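Report on one structure; see the data block that follows.
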Amino acid sequence: MATMDIDKLLLRPTAFGSESGKLAVGEFEAGPETRDFLTGDCKVLVVGAGGLGCEILKDLALSGFTDVEVIDMDTIDVSNLNRQFLFRAVDVGRPKAEVAAEFINRRTPRCKVVAHVGKVQDKGSDFYERFNVVCSGLDNIEARRWLNAMLIGLVEVDDEGGVVDPSQIIPLVDGGTEGFRGQARVIIPRFTSCFECSLDAFPPQRTYPLCTIAETPRLPEHCISYAQLVEWPKQKPERSIDTDSPDDMRWLFEVAAARAEKFKIEGVTYMKTMGVVKNIIPAVASTNAIVSAICVNEVFKVMSLCSQQLNTYHMYMGTAGIYAHTFPYGRKDDCPVCSTSVRSMTLSPNALLGELVEELCTGDLRLKAPSLASPGTTLYMRKPKMLEEATRPNLEKPLSSLLSDDADITVTDPVFPGDVSLTLKISFALEDASPR
């Protein structure tokens with residue numbers, strides 16, 4: 001975006017400022033101060049430097065933003081080159097964040113991009129609280145949940161759920177694509193629904209019965225899963241699969257292809273192997289371009305207040321022409337991240353602690369490795385190893401022997417940052433009842 005275009009948007013009054021929309025986050029004040037903030041002082045964090053992240057970085061640089069940082073843990077694979085246009089063949093094997101930052105800095109000198117190589121979970125609150133806005137282009141549900149919880153956890157609330165210090169609010173603009181479909185949303189921590197509120201919209205990753213994989217494979221996915229779940233632990237027990245390693249992915253592909261040939265199954269390719277192992281849906285460059293444009297447009301609006309914000313969720317359906325749908329995604333009253341309410345569960349007094357842990361993982365909360373504690377008592381703790389071994393026997397004990405009726409327990413899990421926890425009130429049913 002040329003300087004003249006930015007001046008037209010930010011130096012002239014408008015009847016359509018943020019305050020006129022349904023998601024009003026402030027009042028637009030036309031003038032050089034707003035322009036200078038957006039083009040000088042506004043710090044933007046881009047999370048992800050893949051297909052969507054490359055487009056977001058390009059759009060931010062061309063929209064006048066000059067202070068941008070990007071974080072990504074992946075390295076460039078040759079398969080990325082057809083759509084992640086900031087990379088070239090000579091860059092294969094290098095970190096995506098570093099190469100993307102170098103390209104933007106070289107092409108648009110006014111925009112300074114700083115790269116960080118690593119997981120979003122590797123950074124603490126002191127890193128994230130430096131930014132005015134975060135724009136996410138991740139394809140990993142777990143990382144998106146963690147980032148969402150981190151930004152919401154930065155906002156202090158009082159006993160009634162009111163925001164104590166509005167300056168702690170860091171808006172999150174989240175984008176995602178799946179083939180010809182895409183979505184963009186604006187999350188204002190503690191005011192709008194958060195990513196966790198919409199977790200039900202993302203189905204759990206598909207799995208296959210191990211007996212089918214091992215004995216009667218019928219699909220290419222069965223052969224790939226066999227290589228991943230059976231052959232890798234058998235032949236390489238000393239380490240886990242690195243899904244970002246071309247060598248590891250090539251090994252899995254070759255083993256899966258050999259098994260497919262044995263059972264006369266067609267369709268095992270390197271790309272499908274990556275798709276099954278990493279749960280990847282093939283990316284479409286045009287979808288990335290459209291969704292990134294929506295995301296950066298929202299970043300521009302939420303930082304300048306020059307127009308009405310998206311309220312709050314936008315769906316792009318490329319398979320239906322140019323169909324798009326916008327609607328406010330409602331908050332969940334018992335959301336474990338953005339709600340201050342205590343979630344209640346009713347169980348049989350004979351239910352085991354291990355059954356509760358399993359319900360937390362397979363139920364609607366979809367936790368990964370929960371640890372549980374009640375006031376004054378550690379029920380089950382995953383780490384350190386010594387504490388896990390000491391509390392493991394509790395998994396086989398009835399809850400009624402560990403807790404009183406209507407007791408509160410605190411649950412922590414790797415899907416949330418370290419200082420974010422979930423409080424559950426456990427009630428015992430008069431008759432046997434399954435967790436709900």
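Using a 1.4 angstrom probe, figure out how much accessible area the chain has per residue, in square angstrom, rounded to the nearest whole.
With the other protein chains kept in place, the chain gives 49 Å² per residue.
Which length gain, in nm to one decimal place, applies between residue 168 and residue 88 when the Cα-Cα distance is subtracted from 0.36 nm times their residue separation?
24.9 nm
Where in the chain are the DSSP H helices whose C-alpha atoms run 20 Å or more along the long axis and whose mean Kyte hydropathy is at least -0.5?
Span-like helices here: 285-304.
Straight-line reach from residue 301: which lysines have Cα under 23 Å away, leaving out those fewer than 8 places along the same chain?
Those lysines meeting the cut-off are 8, 22, 43, 58, 112.
At 0.36 nm per residue, and after removing the present C-alpha to C-alpha distance, how many nm does the segment from residue 7 to residue 156 gain when stretched out fully?
50.1 nm
FRET efficiency for residue 406 and residue 361, Cβ-Cβ distance as r, R0 = 22 Å, nearest 0.05?
So, using R0 = 22 Å, E works out to roughly 0.40.
Most mobile of 154, 60, 402 per a Gaussian network model of the chain (Cα springs, under 10 Å)?
402
Can you pull the percent of the chain's accessible area that's carbon plus sulfur, 1.4 Å probe, other chains left in place?
Its accessible area is 52 percent carbon and sulfur atoms.
Going highest first, how would you order 26-38, 131-143, 356-368 by mean Cβ packing within 10 Å?
By packing density, highest mean first, the sequence is 131-143, 356-368, 26-38.
Viscosity 1.567 mPa s, temperature 4 °C: what is the translational diffusion coefficient of segment 119-237 from Stokes-Einstein with a Kirkwood Rh over Cα pairs, rounded to a whole number of µm²/s?
75 µm²/s
Rounded to the nearest 0.05, what FRET efficiency do residue 340 and residue 107 have when you use their Cβ-Cβ distance and R0 = 30 Å?
That gives a FRET efficiency of 0.10.
At q = 0.08 Å⁻¹, what is the log10 ratio I(q)/I(0) for the chain, with the Debye formula run over Cα points and no solvent?
Treating every Cα as an identical point scatterer, log10 I(q)/I(0) equals -0.54.
Checking the table 119/425; 236/262; 96/332; 119/368; 385/425; 234/397 against a 25 Å threshold on Cα-Cα, which pairs fail?
In this structure, 119/425; 96/332; 385/425; 234/397 lie more than 25 Å apart at Cα.
Need one number: % antiparallel among DSSP beta bridges in the chain, to the nearest 5.
Percent antiparallel among DSSP bridges in the chain is about 55.
Can you order the peptides 177-190, 160-173 by their average number of other Cβ atoms within 10 Å per residue, highest first?
For the peptides 177-190, 160-173, the packing ranking is 177-190, 160-173.
The values are calculated or read from the model by the stated rules, or taken from the named source; none is laboratory data. Remember, it's a predicted structure, so these values are computed and weren't measured experimentally. Virtual Cβ from ideal backbone geometry, glycine too; neighbours counted across all protein chains shown. We work out accessible area using only protein heavy atoms, side chains counted, and drop any ligands, DNA or RNA first. Shrake-Rupley method; radii C 1.70, N 1.55, O 1.52, S 1.80 Å.
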